[in-house]
Amino acid sequence: MTQWDLGPDSGELLLRTGVAGSASRMGHRLTIAMRAWHAEVEWDGDEPAAVEVTVDLDSLDVLRGEGGMTPLTGAEKGLIRSNALKTLRAKKFPQAVFRSTSVERSGSVVRIVGVLDLAGHSAEQTVEVQVSDDSLAGAASVRHSEFGIKPYSMLMGAMKVADEVGVSLAVTRPS
């Protein structure tokens, strides 16, 4: 068995949010980078056998916002970060952890099923990963509602973060 130890130096872990509600056109669709994370991928020959990813929620960094009535300012990015950390209860639950329970490969696509621990709740998650000799690129959708998280809202709920958040990870093989 070989193991890949991956982190921010190996690639990027991004979150993408949507906007819901009757006033959704006023909100920004956000791209957020997680700056502190660690992933271990165990390999059995050419086959990935197990995956564990740990993310420090306090490393959340709002990169950009698309849409909205006005461009996203630096002060707004700071407020969004603060609101997101409160929503995720990051002081009480500072990390999100994903551990695989099964890994199946079909050609260059690997389907990883596992358990995600987030905000004091656990739920099964499935991640689809493209594998090449020197890189991995995966994507998943995480729903706030599966983890007891009430998405941030404003204007009495007329504009809120969509329940589903896209998560993507793109990394290159360690040297």
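The values are calculated or read from the model by the stated rules, or taken from the named source; none is laboratory data. Quick caveat: nothing in here was measured; it's all calculated off a predicted structure. All Cβ positions, even for glycine, are placed from backbone atoms using ideal geometry, and neighbour counts span all protein chains on display. For the accessible areas, the whole protein counts, side chains as well, though only heavy atoms, and no ligand, DNA or RNA atoms are used. Shrake-Rupley method; radii C 1.70, N 1.55, O 1.52, S 1.80 Å.
Taking the Cα centre of region 2-172 as the origin and placing charges on Cβ (Lys, Arg +1; Asp, Glu -1), which of Met156, Ile80, Gly65 is farthest toward the positive end of the dipole? The residue sitting farthest along the positive end of the dipole is Met156. Across all directions, the average flat footprint of the convex hull enclosing the Cα atoms of region 2-172 is 10.1 nm².
Just to confirm, what accessible area per residue do you get for the chain at 1.4 Å probe, in whole Å²?
Details: 9710 Å² over 175 residues.
Accessible area per residue, the chain: 55 Å².
At a 1.4 Å probe radius, carbon and sulfur cover how many percent of the accessible area of the chain?
Numbers: 5070 of 9710 Å².
Whole-percent figure for carbon plus sulfur exposure: 52.
Each residue was assigned an accessible area with a 1.4 Å probe, and for Glu66 the value is about 90 Å².
Taking all protein chains together and a 1.4 Å probe, the residues Arg35, Arg143 rank Arg35, Arg143 from largest to smallest accessible area.
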